[in-house]
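Notes follow once the structure below has been shown.
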Amino acid sequence: MRRAVTPLDACLAVIRSAAGAYWLYEQHWKLPPDFGLHDPRGLMFAFRESVAHPTINLYGTIVEQVVIPHFHLFGWLLLLTEVLIGLSLLLGAWTKFGALAGVLQAANLLVAQARTPEGPWIYLAILAVNAFVLLSPSNRAFSIDSWRAHRAQAPNA
C-alpha cells in the first residue's frame with residue numbers, strides 16, 4: 001500500500017526538481033559544438049577566470065595545463081555530467097546519486113570560481129541545495145525512485 005503524500009514530501013520534491021532544472025538551465029551558455037569557446041562569457045571564459053583567479057594554485061595550474069588544451073573533451077564531460085545531474089534530480093531517478101554528483105560538481109565549481117570577480121555565493125548556494133537534496137528524503141514523492149520502490153513492494157499477481 002502506498003503511503004499518502006504529505007505537504008513536506010511535495011515541498012521536498014519541488015526543491016529537488018528546481019535543483020535539477022537549474023543544472024539543466026545552466027547548459028545554455030556552454031552547449032556543443034563549441035561550448036561557448038568564442039563567447040565572451042562562455043566556458044572558455046570560465047576556465048580562464050579559474051586560471052587568472054585561482055582559489056587553489058594547483059587547481060588553476062591543472063585547468064591551464066590539462067583542461068584548456070583539451071577544451072572540447074572537458075566541454076563534453078562537463079555537459080554530460082551536469083545534464084545527468086539535472087535529469088536525475090528533476091525526475092527523481094537515482095536521486096541520491098544525482099545529488100551526490102551535484103554536491104561534488106558544485107564543490108568543483110566553488111573551487112574553480114570562488115576567487116573570480118563573480119564570487120563564491122552562487123556556488124555556495126548550489127552546493128547547499130544539492131547537499132540538502134542529498135540529506136533529505138526528497139525522492140519520497142513525485143519521483144521515479146518512489147515509483148520504482150512502490151513497484152518493488154507490490155505483491156506479484
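Values for this structure:
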read-out: Residue that is nearest to Phe47 (Cα to Cα), among those in region 67-88 that are of a type in the set (Phe, Trp, Tyr) and open to solvent by 40 Å² or more (accessible area, probe 1.4 Å); value: Phe74
read-out: Every residue from region 2-34 that is in contact (Cβ under 8 Å) with a residue 24 or more places away in the chain, under 13 Å from Leu78 (Cα atoms) and in a helix (DSSP H, G or I); value: Trp23, Leu24, Glu26, Gln27
read-out: Considering residues of region 89-104 that are in a helix (DSSP H, G or I) and open to solvent by 20 Å² or more (accessible area, probe 1.4 Å) only, the residue farthest from Lys30 (Cα to Cα); value: Lys96
read-out: For Gln113: the one exception among (1) more than 12 Å from Ile15 (Cβ to Cβ); (2) in contact (Cβ under 8 Å) with a residue 24 or more places away in the chain; (3) open to solvent by 90 Å² or more (accessible area, probe 1.4 Å); value: (3)
read-out: Extreme residue, modelled with the lowest pLDDT, among residues of region 116-133 that are open to solvent by less than 90 Å² (accessible area, probe 1.4 Å) and either of a type in the set (Asp, Glu) or out of contact with any helix residue (DSSP H, G or I) (no Cβ under 7 Å at 6 or more places or on another chain) (or both); value: Gly119
read-out: Region 42-88: number of residues that are outside any helix (DSSP H, G or I), free of Cβ contacts under 8 Å to residues at least 60 places away in the same chain and over 20 Å from the mean Cα position of the chain (by Cα); value: 1
read-out: Scope region 105-156; condition hydroxyl-bearing (Ser, Thr, Tyr) and part of a helix (DSSP H, G or I); matching residues; value: Tyr123, Ser146
read-out: Conditions (1) under 26 Å from Leu134 (Cβ atoms); (2) loosely packed, with under 15 Cβ neighbours inside 10 Å; (3) modelled with pLDDT of 95 or more: number failed by His28; value: (3)
read-out: Evaluation of Ser136 against (1) of a type outside the set (Asp, Glu); (2) open to solvent by less than 20 Å² (accessible area, probe 1.4 Å); (3) farther than 17 Å from Asp9 by Cβ (one fails), failing number; value: (3)
read-out: Filter result (among the acidic types (Asp, Glu) and open to solvent by less than 50 Å² (accessible area, probe 1.4 Å)) within region 33-49; value: Glu49
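The values are calculated or read from the model by the stated rules, or taken from the named source; none is laboratory data. Predicted model, so just to flag it, every value in this text is computed and none were measured. Here the Cβ is made from the backbone with ideal geometry for all residues, glycine too, and neighbour counts use every protein chain on show. These accessible areas exclude ligands, DNA and RNA; they are computed on the full protein's heavy atoms, side chains included. Shrake-Rupley method; radii C 1.70, N 1.55, O 1.52, S 1.80 Å.
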